[in-house]
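Below: one structure, written as structure tokens.
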Amino acid sequence: MRVCVGTIIHHPEDARIMHRQIRALLDAGHEITYVAPFTDCNVTPIPGIRAIDVPRALGAHRGRALRAVRGALRRGAEDADLLLVCDLASLLRLPRRRPVTVWDVRDDAAGPRAAGPFPGLPHRLPRPLLRLAESRAERRVHLILADESLRERFELSHPVVPGAARVPGRPPRPPAGARVVHLGRLRADGGVAELVELARRLAPYGIRTDLIGEADPEVRPAVRDAQRAGLLDWYGHVPDRHATRMAEGALAGLSLPRDLPGAGRAMPVEVVEYMARGLPVITTPAPAAAAAVERTGCGVVVPFGDVDAALRAVLTLRDDPGRAADMGARGYREALHRHDWADHSGGFVELLEGWAAAGAAPAPARPHPLPA
């Protein structure tokens, strides 16, 4: 099977796209064409794929990306059996003639920023228009959802391919040392201000804060200034396999999204990664993350925007290594049993193979369960 994968929003090394989906397809023997912003992200395509470079729809370059992506997808999909698009901006610029098409729906399309400057679009996209775009999409292309919570956004039933992690076969080393870590993209609604303030308060205790992930343009100056002041270490985007190893052994993994209207209810990907690497989780009451932490006892839930509570949680873990190790072990067991990509990759590949083989538009109302 020949598959064209496309995004103008996400980093080409995005963990879900590159290190989960594309890797699973390559391991199954399929050919990949990848349309992504390689140059804008300073990424060299991996051997074994055909790469088509496009501008990135970020900051002031959204118009360039939107103008370029339709032609790029047309070239990439001209001999493909299936087209997999990974953001709504790319979906809205699909070529007229294309193979069977699948949209990988994530929580970020309906997050709090969707009512403001929508990622990848040059103007504001009001929520009613977002819903209309989603409603039209599910009748024209196949959908896969990254989380169960996304089902409520659609009228029809669509399979879920969860945001899982590559869980090590052996338990990671227990949390130790004097550092906390945040994995993933740094966004204003993701609690960057709280992360920077927490780093400032932890510094006098000799506890370092590591931020591993790219930063949105609007928060980049604040993160950069904090690093220059010696409050934290910001590594920018790091490929998934290296980022998770860097995080391993930290005292805790931080996930501090804000409580904003319209915020998504999906499990934050970084929380799954922390559990997979045996890190105690410190999270705000985002529904899915808080439920997992409270059910398994793998971390601490602190109030939204409460940096004092986050500071107390970190210091408590530092002063009680046994408790920290127990939380890390609980999280690892949860990730191994419920969030291991190895348990989902085969079903994901079979799903795409079935749709490509059928070569038809999506059924109007029938559920599409993910193959076991």
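Once R0 is set to 22 Å, what does the formula 1/(1 + (r/R0)^6) return for the Cβ-Cβ distance between residue 131 and residue 193, expressed as a FRET efficiency to the nearest 0.05? The partial results should precede the final answer.
Details: r = 30 Å, r/R0 = 1.36.
Once rounded, the FRET efficiency stands at 0.15.
When only the Cβ of Lys, Arg, Asp and Glu is charged (+1, +1, -1, -1), the dipole of the chain relative to its Cα centre reaches about 840 debye. If you run the Gaussian network model on the chain, springs between alpha carbon atoms under 10 Å, then out of 229, 291, 342 the most flexible one is 229. Ranking 307, 95, 276 by how far each Cα lies toward the positive end of the dipole of the chain (charges on Cβ) leaves 95 at the top. Based on C-alpha pairs under 8 angstrom that are at least 6 apart in sequence, the chain has a relative contact order of 17 percent.
Just to be sure I follow the definition: excluding the sites themselves, where is the longest run in the chain that has none of the trypsin sites (Lys or Arg not before Pro) in a DSSP loop with at most 13 other Cβ atoms within 10 Å? It would help to have the intermediate numbers written out before the result.
Values: sites that count: 96, 97.
Formally, the longest exposed-site-free interval is 98-372.
What number, in percent, do you get for the relative contact order of region 258-339 if the mean sequence gap of Cα pairs under 8 Å and at least 6 apart is divided by its residue count? Relative contact order comes out at 35 percent.
The apolar share of the surface of the chain, taken as the fraction of accessible area on carbon and sulfur atoms (1.4 Å probe, ligands and nucleic acids excluded), comes to 51 percent.
Looking at region 132-218, which GluC sites (Glu not before Pro) are in a loop (DSSP not H, G, I, E or B) and have at most 13 other Cβ atoms within 10 Å? Show your work: numbers first, answer last.
Working: sites: 134, 138, 148, 152, 155, 194, 197, 214, 218; in loops: 155, 214, 218.
Passing sites in region 132-218 are 155, 218.
Averaging the Cα positions of each part gives two centres, and for region 264-303 and region 339-358 these lie 26 Å apart. Rounded to the nearest 500, the 222 nm mean residue ellipticity of the chain from helices alone is -10500 deg cm²/dmol, with -39,500 (n - 2.57) taken per DSSP H run of at least 4 residues.
Roll a 1.4 Å probe over the protein chains and send me the accessible area per residue for the chain in Å².
Here the residues of the chain average 43 Å² of exposed surface.
For residue 173 and residue 44 in the same chain, what is the full-extension length gain: residue separation times 0.36 nm, less their Cα-Cα distance, in nm?
On the way: separation 129, 0.36 × 129 = 46.44 nm, distance 3.20 nm.
Gain on stretching residue 173 to residue 44: 43.2 nm.
Which of 68, 80, 358 moves most in a GNM of the chain, Cα contacts under 10 Å? It is 358. Each Cα pair under 8 Å and six or more residues apart adds its sequence gap; the mean of these over the residue count of region 244-295 is a relative contact order of 44 percent.
The values are calculated or read from the model by the stated rules, or taken from the named source; none is laboratory data. From a predicted model like this one, the values you see are computed outputs, not experimental measurements. When we count neighbours, we look across all protein chains shown, and the Cβ atoms used for this are built from the backbone with ideal geometry, even at glycine. With ligands, DNA and RNA removed, areas are computed over all heavy atoms of the protein, side chains included. Shrake-Rupley method; radii C 1.70, N 1.55, O 1.52, S 1.80 Å.
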